[in-house]
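Structure, as structure tokens:
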Amino acid sequence: MMVSKRRGEITKVLQDEGTISISDLAQRLGVSLETIRRDVKPLTDEGVIVRTHGAVGLPQHLGEAPFERRMRENAGAKRAIARYVASTIGNGDSIMLDTGTTTSFLARELLQYRNLTVVTNSSDIARTLATVNGNKVFMAGGELRSDNGAAFGALAIDFISRFNVAHSIISIGAVDATHGLMDYNLEEAEFARMVLSRGERSVVVTDASKFGRQGLVQVCDFTGFDELVTDSAPPEAIVLSLGRAGIKVNIADSSA
């Protein structure tokens, strides 16, 4: 690929993804790390893209709120995961969703369905699915967090504990082969744990970038949910742990 064409491809990838790591960008374009670094340097010098902490992004996205910025990270993978999970849900189903970028993508995919009953702590998900298609949306109460517009704490947990749903679905910040599902915030971990306990079917959604990370707080071990939906196969150690726990793993096709 000629240099000028590859630099155009870099910009196109960033328009789709928002931000992407240098290594993932090199893999997407089929070139070495050295080559991609050479291509990125003049683009950053010219201010076309910005580089931070081993990743690159478009400058216009730097002013976004944290949640909006996270919505753009690995957006293609998150959309693929959301499409897959939406395909397993039908009209009239009851669903519980925690706050997260992948679950927000799922909410948008669920706009094609009717008469859903949705329980969530996310103002974004509630806003997306309420007042359309005959849906009923129940939102957990409490103070909304400024970074993601979601409610947490004892009030929120008590509220969702009163519901039993067909599908309980959470997104997760870290998946560790030894400790299972992990998060970086105690209240978010406690809320996610309750969500998983309220569904006939419990599903964890996460893009592959979360594998091998170790968060601060354990949500649950690998026996605490039924299914994992992701965009590529987990590392071998995590596959073994999932297999021992009997977890069903589904890989969403991001090229679909």
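Quick notes on this one:
- Pairing residues of the stretch 132-154 that are among the polar types (S, T, N, Q) with residues that are part of a loop (DSSP other than H, G, I, E, B) and surrounded by fewer than 18 Cβ atoms within 10 Å (Cβ to Cβ), at Cβ distances under 6 Å and at least 6 apart in sequence or on separate chains, gives ASN133/ARG114.
- Contact annotation: residue pairs with Cβ atoms under 6 Å, 6 or more positions apart or on different chains, pairing a residue in the stretch 208-222 that is open to solvent by 20 Å² or more (accessible area, probe 1.4 Å) with a partner that is aromatic (Phe, Trp, Tyr), are LEU216/TYR184.
Per-residue answers, yes or no, for (1) without any contact (Cβ under 8 Å) to a residue 40 or more places away in the chain; (2) open to solvent by 50 Å² or more (accessible area, probe 1.4 Å); (3) under 20 Å from the mean Cα position of the chain (by Cα); (4) farther than 21 Å from LYS78 by Cβ:
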site	(1), (2), (3), (4)
ASP16	no, yes, yes, no
ILE20	no, no, yes, no
GLU46	yes, yes, no, yes
GLY57	no, no, yes, no
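- Given (1) in contact with a Lys or Arg (Cβ under 8 Å, 6 or more places away or on another chain); (2) modelled with pLDDT of 95 or more, number of the condition MET194 does not satisfy: (1)
- Filter result for PHE222 (touching a strand residue (DSSP E or B) at 6+ places or on another chain (Cβ under 7 Å), of a type in the set (Phe, Trp, Tyr) and more than 19 Å from SER104 (Cβ to Cβ)): yes
- Enumeration of residues in the stretch 228-256 that are open to solvent by less than 30 Å² (accessible area, probe 1.4 Å), out of contact with any Asp or Glu (no Cβ under 7 Å at 6 or more places or on another chain) and either among the charged types (D, E, K, R) or over 15 Å from MET182 (Cα atoms) (or both): VAL229, PRO234
- Selection from the stretch 184-207 of residues that are open to solvent by 10 Å² or more (accessible area, probe 1.4 Å) and polar (S, T, N, Q): ASN185, SER197
- Condition met for ARG108 (over 28 Å from ALA80 (Cβ atoms) and either within 18 Å of the chain's Cα centre (by Cα) or open to solvent by 10 Å² or more (accessible area, probe 1.4 Å) (or both)): no
- Matching entry among ILE36, ILE81 (being at pLDDT 75 or above, open to solvent by less than 40 Å² (accessible area, probe 1.4 Å) and within 20 Å of the chain's Cα centre (by Cα)): ILE81
- Any hit, the stretch 189-200, residues being in contact with a Leu (Cβ under 7 Å, 6 or more places away or on another chain) and either among the polar types (S, T, N, Q) or under 25 Å from ALA75 (Cβ atoms) (or both): no
- For the stretch 133-183, the tally of residues that are out of contact with any helix residue (DSSP H, G or I) (no Cβ under 7 Å at 6 or more places or on another chain), aliphatic (A, V, I, L, M) and either open to solvent by 20 Å² or more (accessible area, probe 1.4 Å) or over 28 Å from ARG114 (Cβ atoms) (or both) stands at 5.
- Any hit, the stretch 187-197, residues being touching a strand residue (DSSP E or B) at 6+ places or on another chain (Cβ under 6 Å) and not in a helix (DSSP H, G or I): no
- A single entry from ALA237, ALA189, ALA174 fulfils the requirement of being within 23 Å of TYR84 (Cβ to Cβ) and either out of contact with any Ser or Thr (no Cβ under 8 Å at 6 or more places or on another chain) or touching a residue at least 40 places away in the same chain (Cβ under 8 Å) (or both): ALA174.
The values are calculated or read from the model by the stated rules, or taken from the named source; none is laboratory data. In this text the structure is predicted, and so the values were computed from the model without any measurement. In this analysis, Cβ positions are derived from the backbone assuming ideal geometry, glycine residues included, and neighbour counts consider all displayed protein chains. Ligands, DNA and RNA are stripped out before the accessible areas are found, and what is left, the full protein with its side chains, is counted by its heavy atoms. Shrake-Rupley method; radii C 1.70, N 1.55, O 1.52, S 1.80 Å.
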